């Protein structure tokens, strides 16, 4: 089954962006490299005042393939907030696939780049507020608290546990 959305051309102040989506189950997905993050926001009616949702989308949707995967999977969501629900599922999938399996890899990365190590561990964007909420400077405590709370917990849940 192939679902084809209609071809649209949108004119923006900066440039003329056209995009064609071919989504659904097909043997060869057709990617249009002109798709942009902003066009996906407009397509689904996500306003720029949804800053938390947009920051999560920017964190998870870095490539054209990831944008198309999001477009494919979003209509299948039945939750009240489908975008948030899908991003939560993507986060859990990435934790299963890319998160640390032992503390030594986390410790090594933490001492090289604290923010990137925490983003890989929790698979969520880490800003200065979240960094400040971590009460401890010992990365092994952070890793152990995350193991205690469960692998799908957030930075803020771990920071509350460490208080």
Selection count where residues are without any contact (Cβ under 8 Å) to a residue 24 or more places away in the chain and either under 22 Å from residue 124 (Cβ atoms) or in a helix (DSSP H, G or I) (or both), scope segment 34-84: 19
Any hit, segment 125-148, residues being touching a residue at least 40 places away in the same chain (Cβ under 8 Å), under 21 Å from residue 163 (Cα atoms) and in a helix (DSSP H, G or I): yes
Looking only at segment 130-156, and only at residues there that are loosely packed, with under 14 Cβ neighbours inside 10 Å, under 14 Å from residue 107 (Cβ atoms) and touching a helix residue (DSSP H, G or I) at 6+ places or on another chain (Cβ under 8 Å), the one that is modelled with the highest pLDDT: 140
Criterion violated by residue 115 - all others in (1) assigned to a helix (DSSP H, G or I); (2) loosely packed, with under 12 Cβ neighbours inside 10 Å satisfied: (2)
In segment 45-72, the residues that are surrounded by 15 or more Cβ atoms within 10 Å (Cβ to Cβ) and under 21 Å from residue 152 (Cα atoms): 53, 54, 56, 57, 59, 60, 61, 70
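The values are calculated or read from the model by the stated rules, or taken from the named source; none is laboratory data. Treat the numbers as computed from the prediction; the structure is a model and nothing was measured. Ideal geometry is used to build each Cβ from the backbone, glycine not excepted, and the neighbour counts take in all protein chains shown.
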